[in-house]
Every structure is written in C-alpha cells, then in structure tokens.
1. If you go through the stretch 19-26 one residue at a time, do you hit one that is over 12 Å from the mean Cα position of the chain (by Cα) and of a type in the set (Asp, Glu)?
2. Please give the number of the condition Asp35 fails out of (1) touching a Phe, Trp or Tyr at 6+ places or on another chain (Cβ under 6 Å); (2) exposed (fewer than 12 other Cβ atoms within 10 Å of the Cβ).
3. Could you run through the stretch 1-50 and say how many residues are of a type in the set (Ser, Thr, Tyr), under 30 Å from Arg61 (Cα atoms) and in a helix (DSSP H, G or I)?
4. Considering only the stretch 1-20, state which residues are over 26 Å from Glu42 (Cβ atoms) and surrounded by 11 or more Cβ atoms within 10 Å (Cβ to Cβ).
5. Considering only the stretch 1-24, state which residues are among the aliphatic types (A, V, I, L, M) and more than 16 Å from Glu39 (Cβ to Cβ).
Amino acid sequence: MTDPQEMLDWLDKRIASAMTWLDDHGRESRKPRPDHEIETKEYDISMFEEIKVAYVKALNRKLANEAAA
C-alpha cells in the first residue's frame, strides 16, 4: 500500500496543478480556454477534494481500529 502521506501529497499536487491551470487558462485569464475544458478542470478539482476527504476519513478509521486492537 502507498504510504498515506505520499498519497495525500500526490492529491494535493493534483489539486494545486488543476488550480494553477485554472488561474492561467480559466474564465478570468487573458486568453481563456473553451468552457468545456474549464468545466473539466473544475470537476477534477472537486473530485480530487472529495477523494482526499474520503481517504483521510478511511485512514483515520483504520488507525482507530488498529489502536483499539
């Protein structure tokens, strides 16, 4: 299994990368990309954030179970 901190770092990098892309190419940029590309990046960010929350929740549950055992 991948080290939990490595997984969280990877997710944070993906989120930051997509946010940087939106800053550079989003609706408020000088030359915005087509709406479908912007919407895809926004969707990616929301999914990565949701995955991160679920991962942290599952990790905490696993650690609590291990501590109780």
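1. Let us first name the residues in the stretch 19-26 that are over 12 Å from the mean Cα position of the chain (by Cα), namely 20-26.
Narrowing the set further to residues that are of a type in the set (Asp, Glu) leaves 23-24.
The answer is yes; a qualifying residue exists.
2. (1)
3. Applying the first criterion (of a type in the set (Ser, Thr, Tyr)) to the stretch 1-50 yields 2, 17, 20, 29, 40, 43, 46.
With the extra rule that they be under 30 Å from Arg61 (Cα atoms), the set shrinks to 2, 17, 43, 46.
Next cut, in a helix (DSSP H, G or I) only: 17, 43, 46.
Adding up the residues that qualify gives 3.
4. Pro4
5. Matches in the stretch 1-24: Met1, Met7, Leu8, Leu11, Ile15, Ala16.
Computed from the coordinates by the stated procedures, all read-outs in this text should not be read as laboratory data. Not measured: the values here are computed from a predicted model. Don't worry about glycine lacking a Cβ; one is built from the backbone with ideal geometry, like all the others, and counts go over all protein chains shown.
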